[in-house]
Amino acid sequence: MEVRPPLSEAELLARADAIAGRTLAFLATRLDRDVPPDLTRHKGWVGNLVEDALGAWARTRPEPDFPRLGIELKTLPIDAAGKPRESTFVCKAALADVGGSTWATSTVAKKLRRVLWVPVEADKATPLAERRVGTPLLWSPSADQEAILEADFEELAQLIEEGWVASVTAHRGRYLQLRPKGASAASRARGIDEHGAPIATPPRGFYLRRTFTAALLAERFVVARR
DNA sequence: TTTTGATCATCC
DNA sequence: GGATGATCAAAA
């Protein structure tokens, strides 16, 4: 079965609500696909399953999953306490030709402008097939959140632009961090050194720390009480 | 236990 | 090779 793209935000949210509480086996059966024994060799399986269950557009393009709606879909693996188990990949970082990059025009800002977070149980003790989808959260950064994301981005982008990418570690950044994002440690991307000369360096990506995504989920309940 | 750095599948 | 989707696993 193939799910057609949702025509509106309301339709997308209705679908996300409809799969809340369902198991991954249920979604897989409906989409006529098998549940792998574990995620070791299928790390993107859950994300792809939820995308297809909600009718996300064709993948492999640097656009939001629902370009017409301007919404990015992210599954969030959560533990028994409902807290994220992992950080969240946002996008690749440009390491060359980065002159004049700004937060406002950055891919990071575009990706995070509007995100549909779909929590998915990820307790190791629960078989993949039995894990359930959680209550979705359509989110946009608050002014305070965006100010910090922007500061993180500007700091990291400036380091890249000035040629210090090779010495930037994942310790930098309050909400956003820069980490390797490649096929292996041997992967290389083009970057620039402190003299502006081309260098080959591991490709990097921007990630959201899990403390940040945990705060987003926690905030939902505060809002819901009002 | 948590976080950083490394890795896996698929598609074009 | 580089984009998408992420989680694994060694280190701290």
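Could we say that residue A:147 is at pLDDT below 95 and either exposed (fewer than 13 other Cβ atoms within 10 Å of the Cβ) or within 16 Å of DNA strand B (Cβ to nearest atom) (or both) here? Let's see the steps before the verdict.
Values: at pLDDT below 95: no; either exposed (fewer than 13 other Cβ atoms within 10 Å of the Cβ) or within 16 Å of DNA strand B (Cβ to nearest atom) (or both): yes.
No: the conditions fail for residue A:147.
Which one is most open to solvent (accessible area, probe 1.4 Å) among residues in the range A:87-102 that are under 22 Å from residue A:142 (Cα atoms) and either modelled with pLDDT of 95 or more or in contact with a Gly (Cβ under 8 Å, 6 or more places away or on another chain) (or both)?
Per the criteria, the residue is A:89.
Within the range A:67-77, count every residue that is more than 14 Å from the chain's Cα centre (by Cα) and either modelled with pLDDT of 90 or more or surrounded by 15 or more Cβ atoms within 10 Å (Cβ to Cβ) (or both). If you could, list the steps in order and put the result at the bottom.
Just the residues of the range A:67-77 that are more than 14 Å from the chain's Cα centre (by Cα), to begin with: A:67-70.
Still in the list and also either modelled with pLDDT of 90 or more or surrounded by 15 or more Cβ atoms within 10 Å (Cβ to Cβ) (or both): A:69-70.
Number of matching residues: 2.
Condition test on residue A:179, is it on the phi < 0 side of the Ramachandran plot, among the basic types (Lys, Arg) and in contact with a Phe, Trp or Tyr (Cβ under 7 Å, 6 or more places away or on another chain)? It would help to see each step written out before you state the result.
Values: on the phi < 0 side of the Ramachandran plot: yes; among the basic types (Lys, Arg): yes; in contact with a Phe, Trp or Tyr (Cβ under 7 Å, 6 or more places away or on another chain): yes.
Spelling it out, residue A:179 is indeed on the phi < 0 side of the Ramachandran plot, among the basic types (Lys, Arg) and in contact with a Phe, Trp or Tyr (Cβ under 7 Å, 6 or more places away or on another chain).
Going through the range A:158-183 one residue at a time, which ones are within 16 Å of DNA strand C (Cβ to nearest atom), open to solvent by 90 Å² or more (accessible area, probe 1.4 Å) and aromatic (Phe, Trp, Tyr)?
none
Does residue A:53 qualify as being under 30 Å from residue A:2 (Cα atoms), open to solvent by less than 40 Å² (accessible area, probe 1.4 Å) and more than 16 Å from DNA strand B (Cβ to nearest atom)?
Answer is yes for this residue.
A quick yes/no check of all residues on (1) open to solvent by less than 80 Å² (accessible area, probe 1.4 Å); (2) within 18 Å of residue A:134 (Cα to Cα); (3) free of Cβ contacts under 8 Å to residues at least 40 places away in the same chain:
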{"site": "A:39", "(1), (2), (3)": "yes, no, no"}
{"site": "A:46", "(1), (2), (3)": "yes, yes, no"}
{"site": "A:49", "(1), (2), (3)": "yes, yes, yes"}
{"site": "A:57", "(1), (2), (3)": "yes, no, no"}
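For residues that are touching a residue at least 40 places away in the same chain (Cβ under 8 Å) and either open to solvent by 50 Å² or more (accessible area, probe 1.4 Å) or within 16 Å of DNA strand B (Cβ to nearest atom) (or both), tally how many sit in the range A:22-37. Talk me through it step by step, then tell me what you get.
Going residue by residue through the range A:22-37, those that are touching a residue at least 40 places away in the same chain (Cβ under 8 Å) are A:22-25, A:27-28, A:35-37.
When the remaining residues are screened for being either open to solvent by 50 Å² or more (accessible area, probe 1.4 Å) or within 16 Å of DNA strand B (Cβ to nearest atom) (or both), the result is A:22, A:28, A:35-37.
Summing the residues that are touching a residue at least 40 places away in the same chain (Cβ under 8 Å) and either open to solvent by 50 Å² or more (accessible area, probe 1.4 Å) or within 16 Å of DNA strand B (Cβ to nearest atom) (or both) in the range A:22-37 gives 5.
Tell me the residue from A:215, A:185 that is small (Gly, Ala, Ser), away from DNA strand B (no atom under 11 Å from the Cβ) and at negative phi, please. Reasoning before the result, please.
Working: A:185 fails: away from DNA strand B (no atom under 11 Å from the Cβ).
Every option except A:215 fails the conditions.
Find all pairs meeting these conditions: Cβ atoms under 6 angstrom apart; at least six residues apart or on different chains; first residue within the range A:198-226 and more than 17 Å from residue A:143 (Cα to Cα) and open to solvent by 20 Å² or more (accessible area, probe 1.4 Å); second residue acidic (Asp, Glu) and modelled with pLDDT of 90 or more.
Here the result reads A:199/A:193, each pair linking the range A:198-226 to a residue that is acidic (Asp, Glu) and modelled with pLDDT of 90 or more.
I'm told residue A:197 meets every condition in (1) touching a Pro at 6+ places or on another chain (Cβ under 8 Å); (2) more than 15 Å from DNA strand C (Cβ to nearest atom); (3) more than 22 Å from residue A:49 (Cβ to Cβ) except one. Can you identify the failing condition by its number?
The single condition residue A:197 does not satisfy is (1).
The values are calculated or read from the model by the stated rules, or taken from the named source; none is laboratory data. Since we're looking at a predicted model, the values are computed, not measured. Glycine gets a Cβ as well: all are built from the backbone with ideal geometry, and neighbour counts include every protein chain shown. Just so you know, the surface numbers come from the protein's heavy atoms only, side chains and all, with ligands and any DNA or RNA stripped out. Shrake-Rupley method; radii C 1.70, N 1.55, O 1.52, S 1.80 Å.
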